[in-house]
Number of protein chains: 4
Amino acid sequence: MPGVPPTRFVYLGPESTFTEQALLTIPAAERGTRTPSRSVPEALDAVRQGEADAALVPMENSVGGQVGVTLDELGVGDPLVITREVVIPVEFVLAARPGTTMDRVTSVAAHPQASAQCRAWLRAHLPDATVIDVLSNGAAAQDALAGTVDAAICAPIAVDRFRLALLADKIADHPDAVTRFVLLSRPAPPPAPTGDDITSLAVFIAHDRVGALLAVLTELAVRGVNLIRIESRPTGEALGRYAFFLDCTGHVADARVGEALQGLRRICAAVRFLGSYPRAVPPGAVDRPVPPPGGLADADYADSAAWLARLRTDGA
Amino acid sequence: MPGVPPTRFVYLGPESTFTEQALLTIPAAERGTRTPSRSVPEALDAVRQGEADAALVPMENSVGGQVGVTLDELGVGDPLVITREVVIPVEFVLAARPGTTMDRVTSVAAHPQASAQCRAWLRAHLPDATVIDVLSNGAAAQDALAGTVDAAICAPIAVDRFRLALLADKIADHPDAVTRFVLLSRPAPPPAPTGDDITSLAVFIAHDRVGALLAVLTELAVRGVNLIRIESRPTGEALGRYAFFLDCTGHVADARVGEALQGLRRICAAVRFLGSYPRAVPPGAVDRPVPPPGGLADADYADSAAWLARLRTDGA
Amino acid sequence: MPGVPPTRFVYLGPESTFTEQALLTIPAAERGTRTPSRSVPEALDAVRQGEADAALVPMENSVGGQVGVTLDELGVGDPLVITREVVIPVEFVLAARPGTTMDRVTSVAAHPQASAQCRAWLRAHLPDATVIDVLSNGAAAQDALAGTVDAAICAPIAVDRFRLALLADKIADHPDAVTRFVLLSRPAPPPAPTGDDITSLAVFIAHDRVGALLAVLTELAVRGVNLIRIESRPTGEALGRYAFFLDCTGHVADARVGEALQGLRRICAAVRFLGSYPRAVPPGAVDRPVPPPGGLADADYADSAAWLARLRTDGA
Amino acid sequence: MPGVPPTRFVYLGPESTFTEQALLTIPAAERGTRTPSRSVPEALDAVRQGEADAALVPMENSVGGQVGVTLDELGVGDPLVITREVVIPVEFVLAARPGTTMDRVTSVAAHPQASAQCRAWLRAHLPDATVIDVLSNGAAAQDALAGTVDAAICAPIAVDRFRLALLADKIADHPDAVTRFVLLSRPAPPPAPTGDDITSLAVFIAHDRVGALLAVLTELAVRGVNLIRIESRPTGEALGRYAFFLDCTGHVADARVGEALQGLRRICAAVRFLGSYPRAVPPGAVDRPVPPPGGLADADYADSAAWLARLRTDGA
């Protein structure tokens, strides 16, 4: 963020989960204050009301599946913008009090979705263990520390935090799974373009016809703006109104993205700009920024604008 | 389902939540066995392995937000199909042991997302109460019954089930919110068309270009098949592959839906048919089946097929 | 044309044809010099070389069918722009030397396409007359005046010009047929927008794929620019290159037309601007200017541009 | 045409023009009768009324520019279908009575458009010669033979026919120009597919909106049917109705073309099938048949139809 960097951070709690782990990858957050929130809406409200400068919340593929909540909260209320995304691997570990060994583990605390994502590993390595549902990965680790269970499925951050012993790592059935978090702040000038940026939008359309969504995508496609993610959400505001949350390639400062945004503004019932920010490259992934399609770079826009000006004044 | 109706049902547990409430709206389930599952993947596995005939799991806008999990589970593994959808209002209630009155409530058990959805009500009516996080709406009701908390935010079903007193109903901040559940079974002949059906699909495309999604939507649009919902999901199978989960108007037995499906089959890396089933009309909603656009009814398809046959044999 | 109006006109000759009749509907031409040209290319060359200020040539549905020639000439060579269109009804008449009566007519001079367009009338009224092919409607009238034939199929202008007697009027089989002429000049500032204008373009694309033309039309459609006419022409310049001649609604000074033109400039191999000019309303026709679609007026463009500027500086 | 080949041919006259030259490239026409018609409508009427079996008329880029006439005639009246196309180079020659030499040529007879197409050559080689307008290339040759002019611009066929001397060949300014003719017959089973065919259509749409044409092209594009030519024509039948004449790749017997035709039939006010026939390769051109795009061959259609059948009966 240009100007003053945020110093007061909130995040979806509790402590010692993947969200806190993601937050610590942001240098300003490492130096600033970090306060857990009980829910995504509360985290966002803290920023809206000025009690915090920025909130880190999960956006995609998360353990808790709060994607829908986050999107819904961004679509209404006072505007917030994404200034950064953080992508981290979902690397579940099995942790226990120091001294515990695998052959002694008969009970495992886990968030229900965490245990679901490690089912194959549990069947193979702890077929007889009882799985105890708890409210969060952090709570699981705490229970292991307290000794009310033999072990916990949790995030790597909790191992160091609670000085637990690591019994097994990378126990998730899908080793490539990642979780995507976004850092939200009150509206502010977007970070400078990097050449590999994402622009997030909420567009509202009046009809449930495929033609309406086709029109939205066509506004993007004619300007060479690609789609990374799309999700439709019903809106409670009015019957028959649909919201689409879109993540697109490019930055609001790019000529082609700017023209596409203007086009959406003209044809949609409403468009909410949710930020332009650098694309996060997951650890280990090959970075592959997609250049704008031929003829759609800023220079091409400048050329066509100059040509049009000549047509309007000279006729050729 | 044609033929033998299912008798053994599983559902996302625990008991006494909205999912069980939704299951009880299905007559066959009311008569059959109903077993709670610890997670969506476990519920689906029970059906895949033949231990149950059908599973009811949340699909959209749910308290627990399991949408992503359900979609991801449907996109891979042995095929399952949706044979029915159930839409019920998310009507949270505040319940307590009989004899409890509002002015005595100082602690409230609730799932974190349930309390988040009732924040405004809690601020207005119980500003000083402590909210205790629990793992499910059912667990909240049980805690109220046990007296470890003064009251619980839970589903209406739990009030009767645990003989609780209803302190307040419709306490959710968004009174129109609904949750959508789907009933899944192993592949079987689809239920007969009703004239107001939904067809669900998972389509996999190789590229992250907006053009690829435009091509998918165009296959639908040219056949007058409308889109009700869309969600993109990253797939772990291969880098650069994208999955889109689509809910469309119409039934696989309709000529226009059949032609659209064939078109998708030809242009997509893969298409998984997730079922054709009657559209559920939420209680109190006005039913408004959308007729096929002009020229796209089965009779129009029959007419154009006869015309083409004449061109091929007679030239006119 | 802003500035000095043209005074030296050329037109597709010979004299006394529909083209001269169309030219006389232009006030400046009535006052200026009017020189017939032997062919469309010669008329255009006269303007290109500065020997004339403007050329009137047929563009559509003409007796001589020179559409293709006119288009091809506009697509190559030094640029010319259309500054006006003239639409006149194709009202063929049967004319003869004064004193001639219908029952005496045994020979009729006519351009082959003129007689073709009056076939039904000739069969009904002069079934036994011999039709003599001549090179133009003007030549037919001159032959009738000279007495080498009994009568001529010609344009109304020739009756007065040669003091012929009108034996029958409106003898064309299609009474609604019109011919469209365009007035061409060297590039100059376009005439001011009237709110009911046409913009003509030649766009060149590299491939013979339907996708390439779809891309061109999509650039127009997303800006609400409608298509009035389209014609593809092979280009001799290079194998595999295609030219499309498009007439669109709107004026180059309109925001939406300007943005569409820029879009075409970016995606096409080449775009040639052929002028923006008032739409001609055929005599007797109901004028029905098409307003820009909702959200696509200049004011909407200004609103969306202001919104984008705010997003770029303030983030909301 | 399968079955009995045509034996009675008509063609756009007069004799000794490019049209007759094109007709003689058809073996059946070489053996059958060949009758010149005075106009395209007359040629077509002869076939419609059974006086002839087939008519050869110019379709594109012709000297006389009759394209519009031919298209308009095909769009109305009793249906006719194209069974063959013939493409020949427009190789104008300068011919004269034997014994004439270039330095003696002071007058040249030519159709006005023929002389227009040879302007550069005439300026370079006969700058002082007078050009005499005549009604056809055939008439020019006859005038040269009769000696009323010194030389004629005409088609190669006229040189042999009238035993003229060839003073210069390939005198057209654009040496690559070709003319395209079509052979028309009453509706009959189309010729068998060759793998490199054209299907011609007239589609009528009710509105002048670009969206209507986009819808037409989209029906083709989603089936991988490419567009070779397009021309819009106003229709006299009803105000606001537009006709588009389309030439597409593929044969009506191809699965993808058949499905596209059915789609057009359903969305257009009317569709007239104008024939499927082998693509003519101009002499000297490299033949480059375009295979159907990936996934759109007949085998892909068969695969997707079988898949759909399984979905409908088994649900997977």
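Please treat every number below as a calculation from the coordinates, not as lab data. Bear in mind the structure is a predicted one, so any value in this text is a computation, not a measurement. Neighbour counts run over all protein chains shown; Cβ positions are idealised from the backbone, glycine included.
Brief remarks on what is shown
- Of the residues D:Ser232, A:Ser16, the one with the fewest other Cβ atoms within 10 Å heads the list, and the complete ranking is D:Ser232, A:Ser16.
- Dimensions of the protein assembly as shown from C-alpha coordinates, computed as largest minus smallest value along each principal axis and given longest first, are 120, 66, 50 Å.
- Sorted from nearest, the other copies put their D:Lys170 label points 5.5, 7.0, 8.8 nm away, the label point being 7 Å from Cα in the direction of Cβ.
- Each residue of segment A:145-154 was assigned a 3J(HN,Hα) from its phi angle through the Karplus curve 6.51 cos²θ - 1.76 cosθ + 1.60 (θ = phi - 60°); the sequence is 4, 6, x, 6, 9, 6, 8, 9, 8, 8 Hz, with glycine and proline shown as x.
- In the protein assembly as shown, the DSSP beta bridges split such that about 75 percent are antiparallel, to the nearest 5.
- Once backbone amide H atoms are built at 1.01 Å from N, D:Val57 has D:Val182, D:Leu184 as its partners under 5 Å, excluding neighbours fewer than 5 places away on the same chain.
- Segment B:147-177 residues near the modelled B:Thr101 label - backbone nitrogen below 18 Å, point 7 Å along Cα→Cβ: B:150-151, B:165-169
- Mean partner shielding of peptide D:217-226, defined as the number of other chain Cβ atoms within 10 Å of each residue Cβ, is 6.
- Remark: mean inter-chain Cβ contacts per residue of C:42-55 equal 0, using a 10 Å Cβ-Cβ cutoff to other protein chain atoms.
- Here the translational diffusion coefficient of chain C follows from Stokes-Einstein with Rh set to the Kirkwood radius across Cα pairs; for 4 °C and 1.567 mPa s it amounts to 60 µm²/s.
- Bridge type composition, segment B:93-169 - antiparallel percent by DSSP, nearest 5: 55 percent
- Cβ-based exposure ranking for D:His174, A:His251, in which fewest neighbours within 10 Å come first: D:His174, A:His251
- Over segment C:93-169, volume per residue of the alpha carbon convex hull, in Å³: 71 Å³
- Förster-model FRET efficiency, 25 Å R0, B:Ala299 and D:Ala192, C-beta, rounded to 0.05: 0.20
- Taking every DSSP beta bridge that has both ends in chain B, the antiparallel portion is near 75%.
- Phi angles across segment A:118-128 convert, under the Karplus curve 6.51 cos²θ - 1.76 cosθ + 1.60 with θ = phi - 60°, into 3J(HN,Hα) values of 10, 4, 4, 5, 4, 4, 6, 10, 9, x, 9 Hz, Gly and Pro given as x.
- Closest-to-axis residue of chain D (Cβ criterion, axis taking D to A), whole Å: D:Gly211, 5
- Projecting 7 Å from Cα along the Cα-to-Cβ direction, the label point of A:Arg310 sits 3.6, 5.5, 5.9 nm from its equivalents in the other copies, listed shortest first.
- Calculated FRET efficiency, A:Ala206 to B:Ala306, Cβ-Cβ distance, R0 = 25 Å: about 0.10 to the nearest 0.05.
- Angle between chain B longest axis and helix B:255-267 axis [Cα atoms, degrees, rounded to 10]: 90 degrees
- Label-point spacing for B:Leu24 across the identical copies (point 7 Å from Cα in the Cβ direction), in nm and ascending order: 4.6, 9.2, 9.4.
- By the Stokes-Einstein formula, at 1.567 mPa s and 4 °C, segment A:33-190 with its Kirkwood radius over alpha-carbon pairs has D equal to 77 µm²/s.
- Between the Cα long axis of helix A:210-221 and the first principal axis of chain A there is an angle of about 80°, rounded to the nearest 10.
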